[in-house]
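Before any comments, here is the structure.
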């Protein structure tokens, strides 16, 4: 088990190296230069050249890449081009917020999605099922910035229950987490419904019912555990998507997370900050994938034996 | 002895008289001290140090903490700030007498050495300050005695006083800079009416009153600048009371807010002109008749009314009215919206209608390429599209390419511009005509050196702007700039569309606030809350 984890984490290193290279290459290829953007419209060419030289941006791509990787190995993520502030500090300001938002959204979409999906599967074509299917279509189709603003208007303006935005108390987390969770919740519900429906048709479920096992136990213990694999895969993918897609929610709710930080870095061509942020995301993906794989092992002994 | 009833009546009369007298006190006396002002705006600062940041998000905040030698009031008049008086010693040297007994927020005294330190750091630091590019010929400062400092320029520089009144030339505490190093940009120390408390990245910046300020102490206890990127969310925050002041409010809601007594809409004509620029070096736009025709083809009034909906005013020239040296170019008189006239001028220039309605000459279509960004300036995309449609009505075809601002900016700064038309905005940072007319219209200021994106070249204009730049006689300079604008009016290389309005919305309980024509000058020192 431990060797499995260790091997997976070691495999993550080439992944991260590749990610850094792709980001650096992309920034290099798109037009626009960090220094001129930073100094603004009124900068003289001498000022631009001086600053570019000072920041070492004159050096060729491979030289900068090797230098960057070397520094990262020593734990130094560099200084952001815009603010000359350690990237570690900038990321430390932002990533707990993203973690909080993504985790809350994942919990909401998993809990409510699985619950709704199971109920729909156990009572297919009921009124609840129809409503749930309509609701999930709505959740999948409506853009985040629309649902977000509507929720703000309803729950912050008309009914003064929630704050308008920002971060702080648990109350601040409710609306953004719900907004971010909606599309994900919809997908989890649909996936759970179809997965559980499939399993409920299996022979071993019929056997369990024939044995006289209570319906509740049939669903919870036998059906759900077997239906869990595809749901788990989806949740793993959703976790990644929630992290990356949080930027729109963060903008609407003024949530100070990594998504907004990354967009700001892209517009300013601040590749040092951008790489730091992408590294965190890449690392998070690696950890999530590892967790999902381990969970497969826990859920299905056949997979664990294959290792 | 008075009967009881008339005693009561007299008492009531006295009480009524007193309330009338006290009720009509001037606002200054009824000013309430205390309270926290919450301001919402779209972006977080990059830095609170002018060394690293000259854009509005940082400037709005540090404007209240750092003070320059001079300042510009809302009427764009130069007033003393940290300098109590000044004297022009020579065309390249101005002597300033500093106010005595002024202290920085860290307790160290303001003196000539601090001024010299600030300018050396900005102009000769590694790297130099972001604002060094805005400082023109400013070369440094010399200490004469503790409270006297001489500011020098490399050559005679007419805009020197306005340059030293810019928001970004605030004097910093040398002790703090040396002690804090790079952390200074996150927690600056100046002499202003407010001092720094806290900055939570992408969330808020908090300032509090400076109790040792040299001037009138600010009525407010605290100011909180919050980041709310979404325009709709900013307006909702204003309505729920989460915010007292909104910077960059939603233009569509202004009309409704003006009718509501719970809010006050503060507006004033600002310093930015947004225009459709023409590449005067690229045929067919090198023909002044074609350029003139294009201006006649644009219905600027319709654009202002339907697209900008009152959030801007028509541009009256290439400069904003708040700029020193501004002359109203009478564009509506010289170039009224007149399709017939446009068509006539184009015909005069040899362009005849082709089979598809697009004009042509010698087998060539009158087809113009246009580079623009969306969202860099209010409604820039919509205005470009509107003008494109208006051109079509007179037989001119315009092909617009919309790209992201950073990309567009790179192309504008390149040595060659391959497009005929471009959409751009320009703000005169030091509110002096030299800043704009020199960089925009001098023949040697073609990118990447300057901002003459139109590639305009007129030797008389060159001579005039050079002379005006070197003169310290402000009356003479005004005359020279007037002539420049007269010449430009005859050879237009821009289609000026609108002049921004600086608009700030506050709750009615916010008093003592006046919006300034320069967007960076957010004056909070006289603001008080009537709560």
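Can residue A:56 be described as over 19 Å from residue B:406 (Cβ atoms), over 24 Å from the mean Cα position of the chain (by Cα) and within 14 Å of another protein chain (Cβ to nearest Cβ)? Answer is yes for this residue.
To keep it simple, each residue is scored yes or no on (1) at pLDDT 95 or above; (2) within 17 Å of residue B:150 (Cβ to Cβ).
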| position | (1), (2) |
| --- | --- |
| B:68 | yes, yes |
| B:74 | no, no |
| B:77 | no, no |
| B:90 | no, yes |
| B:114 | yes, yes |
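All of (1) more than 14 Å from every other protein chain (Cβ to nearest Cβ); (2) under 12 Å from the mean Cα position of the chain (by Cα) hold for residue A:290 with one exception: (2). Scanning the stretch B:217-244 for residues that are within 25 Å of the chain's Cα centre (by Cα), facing another protein chain (nearest Cβ under 10 Å) and assigned to a loop (DSSP other than H, G, I, E, B) gives B:228, B:229, B:230, B:243. Residue B:475 meets each of the listed conditions (1) more than 20 Å from residue B:451 (Cα to Cα); (2) touching a residue at least 12 places away in the same chain (Cβ under 8 Å) apart from (2). Would you say residue A:266 is over 21 Å from residue A:173 (Cα atoms), surrounded by 18 or more Cβ atoms within 10 Å (Cβ to Cβ) and within 14 Å of chain B (Cβ to nearest Cβ)? The answer is yes for residue A:266. Taking the conditions (1) closer than 23 Å to residue A:245 by Cβ; (2) within 14 Å of chain B (Cβ to nearest Cβ); (3) touching a helix residue (DSSP H, G or I) at 6+ places or on another chain (Cβ under 8 Å) in turn, residue A:161 satisfies each one other than (1).
Could you check the stretch B:416-427 and list, in sequence order, the residues that are within 11 Å of chain A (Cβ to nearest Cβ) and modelled with pLDDT of 90 or more? Reasoning before the result, please.
So in the stretch B:416-427, the residues within 11 Å of chain A (Cβ to nearest Cβ) come out as B:424-427.
Answer for the stretch B:416-427, where residues must be within 11 Å of chain A (Cβ to nearest Cβ) and modelled with pLDDT of 90 or more: B:424, B:425, B:426.
With respect to the conditions (1) touching a residue at least 40 places away in the same chain (Cβ under 8 Å); (2) within 15 Å of the chain's Cα centre (by Cα), residue B:69 falls short on a single one, namely (2).
Looking at residue B:356, is it in a helix (DSSP H, G or I) and either surrounded by fewer than 14 Cβ atoms within 10 Å (Cβ to Cβ) or at pLDDT 95 or above (or both)? Judged against the criteria, residue B:356 is not a match. Using the structure shown, decide if residue A:31 is surrounded by fewer than 20 Cβ atoms within 10 Å (Cβ to Cβ), more than 14 Å from every other protein chain (Cβ to nearest Cβ) and outside any helix (DSSP H, G or I). For residue A:31, the condition - surrounded by fewer than 20 Cβ atoms within 10 Å (Cβ to Cβ), more than 14 Å from every other protein chain (Cβ to nearest Cβ) and outside any helix (DSSP H, G or I) - is not met.
From the list B:74, B:67, pick out the single residue that is over 27 Å from residue B:232 (Cα atoms) and in contact with a strand residue (DSSP E or B) (Cβ under 8 Å, 6 or more places away or on another chain).
Values: B:67 fails: in contact with a strand residue (DSSP E or B) (Cβ under 8 Å, 6 or more places away or on another chain).
Going through B:74, B:67 in turn, the sole match is B:74.
Pick from B:322, B:311: which is touching a residue at least 60 places away in the same chain (Cβ under 8 Å) and within 30 Å of residue B:158 (Cβ to Cβ)? Being touching a residue at least 60 places away in the same chain (Cβ under 8 Å) and within 30 Å of residue B:158 (Cβ to Cβ) holds for just one of B:322, B:311, which is B:322.
Restricting the search to helices (runs of 4 or more DSSP H) fully inside the stretch B:106-185 and requiring at least 1 residues that are over 28 Å from residue B:465 (Cα atoms), touching a residue at least 40 places away in the same chain (Cβ under 8 Å) and in contact with a helix residue (DSSP H, G or I) (Cβ under 7 Å, 6 or more places away or on another chain) gives B:112-124, B:174-180. In summary, strands (runs of 3 or more DSSP E) completely within the stretch B:359-411 and bearing 1 or more residues that are within 14 Å of chain A (Cβ to nearest Cβ) occur at B:367-372, B:397-402.
So is residue A:18 part of a helix (DSSP H, G or I), modelled with pLDDT of 90 or more and more than 22 Å from residue B:184 (Cα to Cα) or not? Full working, then the answer.
On the way: part of a helix (DSSP H, G or I): yes; modelled with pLDDT of 90 or more: yes; more than 22 Å from residue B:184 (Cα to Cα): yes.
Against the criterion (part of a helix (DSSP H, G or I), modelled with pLDDT of 90 or more and more than 22 Å from residue B:184 (Cα to Cα)), residue A:18 qualifies.
Reported count of residues in the stretch A:34-47, each being buried (at least 18 other Cβ atoms within 10 Å of the Cβ) and more than 8 Å from chain B (Cβ to nearest Cβ), is 2.
Of the helices (runs of 4 or more DSSP H) that lie entirely inside the stretch B:245-341, those containing 1 or more residues that are in contact with a strand residue (DSSP E or B) (Cβ under 6 Å, 6 or more places away or on another chain) span B:254-259, B:288-296. Each residue in the stretch B:464-474 was checked for being assigned to a helix (DSSP H, G or I) and farther than 9 Å from residue B:442 by Cα, and 6 of them qualify.
Going through (1) within 14 Å of chain B (Cβ to nearest Cβ); (2) at pLDDT below 85; (3) touching a helix residue (DSSP H, G or I) at 6+ places or on another chain (Cβ under 6 Å) one by one, residue A:8 falls short only on (1).
Taken over the stretch B:428-456, the criterion of being touching a residue at least 40 places away in the same chain (Cβ under 8 Å) and either at the interface with chain A (Cβ under 9 Å from one of its Cβ atoms) or in a loop (DSSP other than H, G, I, E, B) (or both) is satisfied by B:428, B:429, B:430, B:431, B:435, B:453, B:454, B:455, B:456.
When you check residue B:152 against the structure, is it crowded, with 17+ Cβ neighbours inside 10 Å and closer than 20 Å to residue B:59 by Cβ, yes or no? It is false that residue B:152 is crowded, with 17+ Cβ neighbours inside 10 Å and closer than 20 Å to residue B:59 by Cβ. Among the criteria (1) assigned to a helix (DSSP H, G or I); (2) under 34 Å from the mean Cα position of the chain (by Cα), the one residue A:49 does not fulfil is (2). The single condition among (1) modelled with pLDDT under 95; (2) out of contact with any helix residue (DSSP H, G or I) (no Cβ under 9 Å at 6 or more places or on another chain) that residue B:366 does not satisfy is (2). Tell me which of these residue B:465 doesn't satisfy, since it passes every other one: (1) within 14 Å of another protein chain (Cβ to nearest Cβ); (2) within 24 Å of the chain's Cα centre (by Cα). Among (1) within 14 Å of another protein chain (Cβ to nearest Cβ); (2) within 24 Å of the chain's Cα centre (by Cα), residue B:465 violates only (1).
If you check B:280, B:312, B:342, which single one turns out to be buried (at least 18 other Cβ atoms within 10 Å of the Cβ) and within 30 Å of residue B:245 (Cβ to Cβ)?
Values: B:280 fails: within 30 Å of residue B:245 (Cβ to Cβ); B:342 fails: within 30 Å of residue B:245 (Cβ to Cβ).
Unique residue meeting the criteria: B:312.
Criterion first (touching a residue at least 40 places away in the same chain (Cβ under 8 Å), buried (at least 20 other Cβ atoms within 10 Å of the Cβ) and farther than 17 Å from residue B:340 by Cα) does residue B:297 satisfy it? Walk me through it before giving the result.
Numbers: touching a residue at least 40 places away in the same chain (Cβ under 8 Å): yes; buried (at least 20 other Cβ atoms within 10 Å of the Cβ): yes; farther than 17 Å from residue B:340 by Cα: no.
So residue B:297 does not fit the description; no.
The values are calculated or read from the model by the stated rules, or taken from the named source; none is laboratory data. Values in this document were obtained by computation on a predicted structure and should not be read as measured data. So basically every Cβ, Gly included, is an ideal-geometry build from the backbone, and we count neighbours across all protein chains shown.
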